[in-house]
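Shown next, in structure tokens, is the structure this report addresses.
The values are calculated or read from the model by the stated rules, or taken from the named source; none is laboratory data. This is a predicted model, so every value here is computed, not measured. Cβ placement follows ideal geometry from the backbone for every residue including glycine, while neighbour counts extend to all protein chains displayed. When the accessible area is computed, the model is the full protein with side chains, heavy atoms only, and any ligands, DNA or RNA have been set aside. Shrake-Rupley method; radii C 1.70, N 1.55, O 1.52, S 1.80 Å.
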Amino acid sequence: MASPRTPAELLATASDPSRPFLTFYDDATGERVELSYTTLDNWVAKTANLLQDTLGTQSRERVALLLPTHWLGAVWTLAAWTAGLVVDLADPTGAEVIVAAPERLTEALGAGGRDTVAVSLAPLGRGFTEPLPPGVLDYGVEVLSHADVFTPYEPPDEATPALITPQGDVLAGGALVELATRRADELGLQPGERLLTDANPAATDGYLDALLAPLARQASVVLVRNLDPATLERRVRQEKVTLTRLRSGQS
């Protein structure tokens, strides 16, 4: 099998798609969600279909993700790349699509994007229980009607722009795969290992550690939001964590 050239191909080439890829905990609410490679791929496909068919996005358009550390951040990041879009970590202003958690919805609306999508962060990806501002799409309501298989109108390749860094540099999909492989080497991450992190897969601090590097090694991620240090030792043991990388520096 050819080596993966894009972030989407990193997900598609999993040798055992039934294995867990991402196990998410929110220590403030007690929520736990586990996604296999297959389940993650289904969510990514549904979201990419929403981007392409409902929002009418075109290859190389920008997506800004105003999301916290959460499993849906991984879904949205991969979906944008799968659809050939550019995740903009520099500035959401004027992005074609702005995706926001509830606490950042006002910021998203002020950024002047063409389309705004609100993500409730409710368990199981559910939608909002209260009305949203006019014109704002409720992700949890809209995404479930989309197919589990995605076919891009213009398939991205290794040269397709994929990420704008906070410094304004534009990285193509092939460069992201190279960075993921390099970061996996730096971490000493091996196939089948489990990495625990509180980094954000939809932000500059985590798109490598919490998403692409584990995909590049066919490893898995234990992703924790609102980390309670008192739970750490027990969770490492229960989830069979082999490597811990926290923003606090504990490892």
Just add up the charged neighbours of residue 162: K/R +1, D/E -1, any other residue whose Cβ is under 13 Å from the Cβ of residue 162. -4
Rg (one decimal) and Dmax (whole number) from the Cα set of the stretch 77-125, in Å, equal 11.2, 30
Virtual paramagnetic centre 7 Å along Cα→Cβ of residue 28, amide N under 20 Å, in the stretch 86-127: 99-109, 118-127
Rounded to whole angstrom, the alpha-carbon centroid of the stretch 112-186 lies from that of the stretch 49-67 at a distance of 7
Rg [Å, one decimal], Dmax [Å, integer] - the stretch 1-90, C-alpha atoms: 13.9, 42
Using a Gaussian network for the chain with springs between C-alpha atoms less than 10 Å apart, which of these wobbles most: 58, 218, 238? 238
Classified through the alpha carbon gyration tensor (a ≥ b ≥ c as square roots of its eigenvalues; rounded if a/c is under 1.5, else prolate when a/b is larger than b/c, else oblate), the stretch 82-192 comes out prolate
Taking 0.36 nm per residue of sequence separation and subtracting the Cα-Cα distance, how much length would be gained by fully extending the chain between residue 159 and residue 246, in nm to one decimal? 28.1 nm
May I have the extent of the alpha carbons of the stretch 158-224 along their three principal axes, as whole Å values ordered from largest to smallest? 31, 22, 16
Excluding residue 238 itself, calculate the net charge of residues whose Cβ lies under 12 Å from the Cβ of residue 238, where each Lys or Arg counts +1 and each Asp or Glu counts -1. +4
For the stretch 131-190, accessible area per residue (1.4 Å probe, heavy atoms of protein chains only), Å²: 55
Stokes-Einstein translational diffusion, the stretch 102-156 - Kirkwood Rh over all Cα pairs, 1.567 mPa s, 4 °C, in µm²/s: 101
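Is there a quick way to get the dipole size of the stretch 65-219? I mean about its Cα centre, with the Cβ of Lys and Arg at +1 and of Asp and Glu at -1; what is the value in debye to the nearest 20?
On the way: 7 positive and 21 negative charges, 56 e Å.
Dipole size: approximately 260 debye.
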List, largest first, the extents of the alpha carbons of the stretch 109-251 along their principal axes, each in whole Å. 45, 40, 33
Compute the signed sum of charges (Lys and Arg +1, Asp and Glu -1) over the other residues within less than 15 Å, Cβ to Cβ, of residue 146. -4
Using label points projected 7 Å from each Cα along Cα→Cβ, tell me how many nm separate residue 233 and residue 167, to one decimal. 4.0
Using a simple charge model, +1 on the beta-carbon of Lys and Arg, -1 on the beta-carbon of Asp and Glu, nothing else, what dipole does the stretch 1-85 show about its Cα centre, in debye to the nearest 20? 280
The chain - share of DSSP beta bridges that are antiparallel (%, nearest 5): 25
The stretch 25-74 shape via C-alpha gyration tensor axes, a/c threshold 1.5: oblate
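Dividing the Cα convex hull volume of the chain by residue count, how many Å³ per residue is that?
120
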Contour excess over end-to-end distance, with Cα ends at residue 145 and residue 126 and 0.36 nm allotted per residue: 5.6 nm
